Amino acid sequence: MTQHSINLGIMLNIAVCIKEIPEEIRVNKKTYTLIREGIKGVINPCDKNAIELSVTLKEKHGGKVTLISMGPQNVEKTLIHGLAMGADQAVFICDKAFAGADTLATAFTLVTAIKKLGHFQLILCGKASADSGTQHIGPQIANFLGITQVTYAVGLAVENNKVRVKRQLMDEYETVEVEFPVLISVVKGMNEPRIPSYVDIYEASKKDFFRWSINDLGLKEDQVGLTGSPTKISKILPPETIRQCKMLQGTLEEICNDLAQILKT
Amino acid sequence: MENNNQYRGVWVFVEHKGSQIEKCSLELLSLGRNLASELQVDLSTLVIGNLMGRLSEELMYYGVDVVYVVENPVLERYTTSPYHKITCDLIKEYRPEIVLFSSTPIGMDLAPRVACELKTGLVAHCVDLKIDKGKRQLLQICPYGDYMATMITTVKPQMVTVQPGVTPLPPRGEFKQGQTVQIEREIDIGNIKIIEVVKPEKADMGKIEESDVIIAIGRGVKNMSLAEKLAECLGGILGATQPIVDAGLLPESRMIGQTGKAVRPKVYIACGISGAGQHIVGMKNSGLIVAINTDEKAPIFKVADYGIIGDVSKVIPALIAALNR
């Protein structure tokens with residue numbers, strides 16, 4: 001990407017990493033994997049905020065937004081939704097070889113795709129996925145790329161080729177200033193993600209959509225998926241019964257009287 | 001491939017604020033002490049900051065063998081780049097087999113990047129840690145959907161973040177023990193500049209972990225104001241599961257569970273919550289737990305003392321009436 005003169009604005013090349021998650025989280029007791037069949041897939045909530053941020057920045061400063069997603073099955077609808085929100089192109093990384101990837105292997109695979117796409121000033125992602133919730137991917141992408149990271153963003157402004165980010169921490173807000181290139185992970189609620197119209201969705205299906213396999217990324221099987229992952233699931237157990245639950249019986253009024261007595265003591 | 005046997009010892013990354021050790025870090029010391037004793041190795045802590053003298057001395061009352069201290073005025077407040085560089089360098093140099101962080105904004109900013117740099121795994125939001133002595137392997141226990149998973153890391157060091165609030169605090173010993181090792185390092189603060197830090201005016205952030213009564217709502221709650229009335233009636237505060245927070249009905253500071261807060265109120269009333277594993281880890285240590293749900297098979301009943309099978313929109317008004325009687 002060539003640097004334009006200041007008069008023409010910054011022209012941001014932005015990548016947004018998004019994830020489709022199952023609407024309901026259930027575990028297959030035999031394979032230890034999350035059950036996807038028959039469960040609706042949705043965009044991870046805070047990823048929508050990341051897409052909204054990227055599109056807002058593009059509208060203000062000019063530039064291009066690329067969506068990147070890795071998933072076990074067709075997440076076309078999730079990516080189309082992002083394109084309909086205003087992203088310019090989408091890359092869907094899908095291959096059996098990527099199955100069972102932990103966060104390190106996932107970040108590595110995403111970074112390989114990012115590098116193949118070129119140079120980005122800004123890489124955005126959601127703070128965490130609502131299914132596994134690790135919060136690892138953002139910092140790990142930043143580390144693989146050797147760039148600065150800013151996590152927990154609730155506000156962001158680009159000025160004089162620098163980015164000012166307001167971060168939401170445990171009991172305070174911290175504002176930092178960083179230079180490009182930078183990875184920023186955003187908190188849900190930082191903005192109001194736009195809802196695309198049917199026309200937007202129709203137009204989105206005409207935008208560039210790439211599907212990349214392990215071969216397209218030039219990776220070997222032992223670098224990705226379960227074999228490329230240093231963490232493994234050793235076993236899973238159903239949640240333990242830790243209390244003997246007494247079911248309150250009777251009419252609604254009786255039950256509530258009993259409970260009120262218990263609560264008052 | 002590195003020889004995994006060269007790694008020995010348990011390390012805890014210590015967070016602090018205003019020369020006070022954060023509670024979450026003390027919890028890690030209690031876990032770390034057990035692991036170190038089982039493995040018959042040293043428990044060490046890594047403290048990065050400015051003027052850490054008193055704090056590092058205080059750590060020696062908690063069964064720590066070695067306190068590694070890196071001090072510099074530019075390290076007063078956490079920023080990713082220098083803390084990351086120091087942590088990675090020291091882990092490479094001293095080769096601990098286990099490194100513990102807290103699942104806090106600092107821990108979650110730092111640990112994944114350190115793990116990535118060291119090309120090792122990281123298991124997030126652990127609620128318990130054990131040792132498989134035969135294999136000298138750390139068993140990392142964390143919620144996984146409705147289940148609890150035991151994870152292992154096949155590379156060293158084995159790194160985890162631990163959910164704050166789920167581990168009891170360790171006792172403070174009567175005498176100091178162990179030693180402090182000051183480490184000199186050239187610090188590169190990177191290209192990040194802190195402009196300002198503000199505390200929000202609204203006292204809404206946090207606080208849920210300090211409330212004696214929590215009315216927690218899940219997807220089965222259609223009417224928020226009912227739950228609010230019940231909270232008011234019992235002098236409690238509203239908490240929520242992730243779907244409720246994701247739907248924007250309550251702020252993130254009210255989220256209870258793996259990705260939110262771990263709480264231990266005296267009374268916890270779970271309304272319309274099915275009880276996914278990731279929610280349960282955040283509330284199972286509460287005093288009295290009451291669950292209201294239409295589905296008698298909901299896993300929430302397994303962690304409740306009292307259960308009511310019914311629709312919260314009918315049960316709550318009746319309960320409020322009963323409480324006012």
What's the total number of residues in the range A:221-260 that are at the interface with another protein chain (Cβ under 7 Å from one of its Cβ atoms) and closer than 24 Å to residue B:316 by Cβ?
12
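Taking the range A:125-142 as the search range and keeping residues that are polar (S, T, N, Q) and at the interface with chain B (Cβ under 7 Å from one of its Cβ atoms), which one is farthest from the chain's Cα centre (by Cα)?
Within the range A:125-142, the match that is farthest from the chain's Cα centre (by Cα) is A:140.
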2 or more residues touching a Leu at 6+ places or on another chain (Cβ under 9 Å), without any contact (Cβ under 8 Å) to a residue 60 or more places away in the chain and crowded, with 19+ Cβ neighbours inside 10 Å: qualifying strands (runs of 3 or more DSSP E) within the range B:2-97
B:43-49
For the range A:194-207, check the following and say yes or no: at least one residue is in contact with a Leu (Cβ under 9 Å, 6 or more places away or on another chain), more than 30 Å from residue B:118 (Cβ to Cβ) and either within 11 Å of another protein chain (Cβ to nearest Cβ) or of a type in the set (Ser, Thr, Tyr) (or both).
yes
Can you tell me which residue is farthest from residue A:148 (Cα to Cα) among those in the range B:107-126 that are crowded, with 23+ Cβ neighbours inside 10 Å and of a type in the set (Val, Ile, Thr)?
B:123
Return the total of residues in the range B:142-159 being in contact with a Leu (Cβ under 7 Å, 6 or more places away or on another chain), crowded, with 20+ Cβ neighbours inside 10 Å and hydrophobic (A, V, I, L, M, F, W, C).
2
Select from the range A:179-203 the residues that are in contact with a His (Cβ under 8 Å, 6 or more places away or on another chain) and more than 17 Å from residue A:113 (Cα to Cα) and list them in ascending order.
A:196, A:201
The lone exception for residue B:292 - which of (1) within 8 Å of chain A (Cβ to nearest Cβ); (2) touching a Cys at 6+ places or on another chain (Cβ under 7 Å) it fails
(1)
Residue under evaluation residue A:82, criteria (1) surrounded by fewer than 24 Cβ atoms within 10 Å (Cβ to Cβ); (2) among the small types (Gly, Ala, Ser); (3) within 16 Å of the chain's Cα centre (by Cα), criterion not met:
(1)
How many residues does the range B:42-59 hold that are touching an Asp or Glu at 6+ places or on another chain (Cβ under 9 Å) and of a type in the set (A, V, I, L, M)?
5
Restricting to the range B:62-109, give me the number of residues that are within 24 Å of residue B:173 (Cβ to Cβ), within 22 Å of the chain's Cα centre (by Cα) and among the hydroxyl-bearing types (Ser, Thr, Tyr).
2
Is it the case, given these coordinates, that residue A:193 is closer than 19 Å to residue B:107 by Cα, modelled with pLDDT of 95 or more and either of a type in the set (Val, Ile, Thr) or out of contact with any Gly (no Cβ under 9 Å at 6 or more places or on another chain) (or both)?
no
Yes or no: the range A:111-123 includes at least one residue that is on the phi < 0 side of the Ramachandran plot and within 12 Å of another protein chain (Cβ to nearest Cβ).
yes
Any residue in the range B:160-180 that is in contact (Cβ under 8 Å) with a residue 60 or more places away in the chain, within 11 Å of another protein chain (Cβ to nearest Cβ), part of a strand (DSSP E or B) and within 17 Å of the chain's Cα centre (by Cα)?
yes
Take residue A:172 and decide whether it is within 9 Å of another protein chain (Cβ to nearest Cβ) and of a type in the set (Asp, Glu).
yes
Please work out which one of (1) surrounded by fewer than 16 Cβ atoms within 10 Å (Cβ to Cβ); (2) assigned by TED's automatic domain parsing to the domain that holds residue B:64 is the condition residue B:193 fails and give its number.
(2)
Collect the residues in the range B:133-153 that are at pLDDT 95 or above, out of contact with any Cys (no Cβ under 9 Å at 6 or more places or on another chain) and within 10 Å of chain A (Cβ to nearest Cβ), keeping them in residue-number order.
B:137, B:139, B:152, B:153
With the condition being touching a strand residue (DSSP E or B) at 6+ places or on another chain (Cβ under 6 Å) and surrounded by fewer than 21 Cβ atoms within 10 Å (Cβ to Cβ), I'd like the strands (runs of 3 or more DSSP E) fully within the range B:246-325 carrying at least 1 qualifying residues.
B:267-271, B:288-293
If the requirement is being surrounded by 17 or more Cβ atoms within 10 Å (Cβ to Cβ) and either of a type outside the set (Lys, Arg) or out of contact with any strand residue (DSSP E or B) (no Cβ under 7 Å at 6 or more places or on another chain) (or both), which of these qualifies: A:120, A:209?
A:120
Scan the range B:245-264 and report the pairs whose first residue is outside the structural domain of residue B:163 (by TED's automatic domain parsing) and whose second residue is of a type in the set (Asp, Glu) and part of a helix (DSSP H, G or I), with Cβ atoms within less than 6 Å and a gap of 6+ or a chain change.
B:245/B:252; B:261/B:209; B:263/B:209
Meets criteria (more than 9 Å from every other protein chain (Cβ to nearest Cβ), touching a Gly at 6+ places or on another chain (Cβ under 8 Å) and of a type outside the set (Phe, Trp, Tyr)) for residue B:303
no
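The values are calculated or read from the model by the stated rules, or taken from the named source; none is laboratory data. On a predicted model such as this, the values are computed, not experimentally measured, just so you know. Using ideal geometry, Cβ is built from the backbone for each residue, glycine included, and neighbour counts are taken over all protein chains shown.
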